[in-house]
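Colleague: Following this message is one structure expressed as C-alpha cells.
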Amino acid sequence: MTRDELLVRYLLTRPAAPGAAHRADLDQAAVLLPLVLRESGWQLLLTRRARHLRHHAGQVSFPGGRRDPEDASLIATALRETREELGIPPSHLTVLGHLPPMPTVSRFWVQPVVALLSPDYVATPNPHEVERAFEVPLAFLLTPAHHQGWAVERRGERHTIWFIPWQEELIWGATAAIIRQLASQLAPQHFRNTKEPR
C-alpha cells in the first residue's frame with residue numbers, strides 16, 4: 001500500500017462524529033466514492049443519472065442507492081449498486097473507509113463509502129440508470145474556490161446548497177455536500193473553517 005493510500009485510509013476511518021447513528025425515520029442508502037490514481041494525479045469517478053428517471057433525473061451523482069434487505073452492510077450496498085449501475089465488480093475496488101452519514105431532503109440516510117478503484121477498470125453504464133460516467137481531478141474538487149454556496153431557508157431553518165461546476169457538468173446538492181465532506185477530511189486546512197454564504 002502506498003503512502004497516499006495509507007494517509008487516505010487513516011483520514012477516512014476515524015470515528016464518525018457523535019449523533020451519526022442511523023435515524024429510524026429515514027431509509028438507509030449508500031453511495032460509493034471511487035478514487036482512481038492516474039499519471040496526472042487522483043481522480044474521483046462520478047456519474048450522470050439517466051434523464052428518464054423519476055427522481056433526480058440528469059443529475060450528477062455517485063453510484064449508489066437504497067439498501068436492500070439482502071445487503072449485509074451499507075458497504076455491501078455501495079458495492080452492489082456500483083456493479084449494477086456501472087458494471088464495475090467489487091474485485092476492482094478496495095474499500096478504504098467511510099464518511100459520516102448524511103440525511104437528504106429525499107428522506108434517505110446516506111452512507112458515503114470511499115474506495116480505491118483499479119486504474120484499468122471499464123465502466124459500462126446501465127442505460128436504465130446512468131447516462132455516463134466521468135472522472136474529475138481530486139485536486140480540482142479540493143480547491144475551495146471551485147465551490148459555490150447558495151443559502152436557502154427551509155422549514156424555518158437555514159441551509160446551504162453547494163454547487164461545483166466542472167466542464168459541461170454541474171455537481172450540486174447531496175453529491176456536492178458529500179464531496180465537501182471528503183474535502184474536509186483530505187484538506188482540512190482549506191475546508192474546516194470555510195464560511196457559509198449569507
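Colleague: Being under 13 Å from residue 31 (Cβ atoms), in contact with a helix residue (DSSP H, G or I) (Cβ under 9 Å, 6 or more places away or on another chain) and open to solvent by less than 30 Å² (accessible area, probe 1.4 Å) is the filter here; which residues of segment 77-92 pass it?
Modeller: Matches in segment 77-92: 82 only.
Colleague: Do we find that residue 97 is surrounded by 14 or more Cβ atoms within 10 Å (Cβ to Cβ), modelled with pLDDT under 95, under 13 Å from the mean Cα position of the chain (by Cα) and not hydroxyl-bearing (Ser, Thr, Tyr) in this structure?
Modeller: Values: surrounded by 14 or more Cβ atoms within 10 Å (Cβ to Cβ): yes; modelled with pLDDT under 95: yes; under 13 Å from the mean Cα position of the chain (by Cα): yes; not hydroxyl-bearing (Ser, Thr, Tyr): yes.
For residue 97, the condition - surrounded by 14 or more Cβ atoms within 10 Å (Cβ to Cβ), modelled with pLDDT under 95, under 13 Å from the mean Cα position of the chain (by Cα) and not hydroxyl-bearing (Ser, Thr, Tyr) - is met.
Colleague: Restricted to segment 100-125, and to residues that are among the β-branched types (Val, Ile, Thr) and surrounded by fewer than 19 Cβ atoms within 10 Å (Cβ to Cβ), which residue is modelled with the lowest pLDDT?
Modeller: Among them, the one singled out is 105.
Colleague: Please go through segment 58-82 and give me each residue that is under 13 Å from residue 133 (Cα atoms) and part of a helix (DSSP H, G or I), ordered by number.
Modeller: 82
Colleague: Continuing with the same structure: For segment 127-136, name all the residues that are part of a loop (DSSP other than H, G, I, E, B) and exposed (fewer than 15 other Cβ atoms within 10 Å of the Cβ). First the steps, then the outcome.
Modeller: We begin by selecting, within segment 127-136, every residue part of a loop (DSSP other than H, G, I, E, B); these are 127-129.
Once the filter is applied, which keeps residues that are part of a loop (DSSP other than H, G, I, E, B) and exposed (fewer than 15 other Cβ atoms within 10 Å of the Cβ), segment 127-136 yields 127, 128.
Yes or no, residue by residue, for (1) in contact with a Lys or Arg (Cβ under 9 Å, 6 or more places away or on another chain); (2) open to solvent by 80 Å² or more (accessible area, probe 1.4 Å); (3) modelled with pLDDT of 90 or more:
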site	(1), (2), (3)
25	yes, yes, no
29	yes, no, yes
33	no, no, yes
38	no, no, yes
44	no, no, yes
47	yes, no, yes
51	no, yes, no
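Colleague: Turning to a different aspect of this structure: Answer with yes or no whether residue 139 is at pLDDT 90 or above and either surrounded by 14 or more Cβ atoms within 10 Å (Cβ to Cβ) or part of a helix (DSSP H, G or I) (or both).
Modeller: Details: at pLDDT 90 or above: yes; either surrounded by 14 or more Cβ atoms within 10 Å (Cβ to Cβ) or part of a helix (DSSP H, G or I) (or both): yes.
Spelling it out, residue 139 is indeed at pLDDT 90 or above and either surrounded by 14 or more Cβ atoms within 10 Å (Cβ to Cβ) or part of a helix (DSSP H, G or I) (or both).
Colleague: Which residues, counting only those in segment 153-171, are part of a strand (DSSP E or B) and charged (D, E, K, R)?
Modeller: Start the filter on segment 153-171 by keeping residues that are part of a strand (DSSP E or B), which leaves 153-154, 157-166, 169-171.
Correct list: 153, 154, 157, 158, 169.
The values are calculated or read from the model by the stated rules, or taken from the named source; none is laboratory data. Computed from a predicted model, the values in this text were never measured in an experiment. Cβ: placed from backbone, ideal geometry, glycine included. Neighbour counts: every protein chain shown. Surface areas here come from the heavy atoms of the whole protein model, side chains and all, with no ligands, DNA or RNA. Shrake-Rupley method; radii C 1.70, N 1.55, O 1.52, S 1.80 Å.
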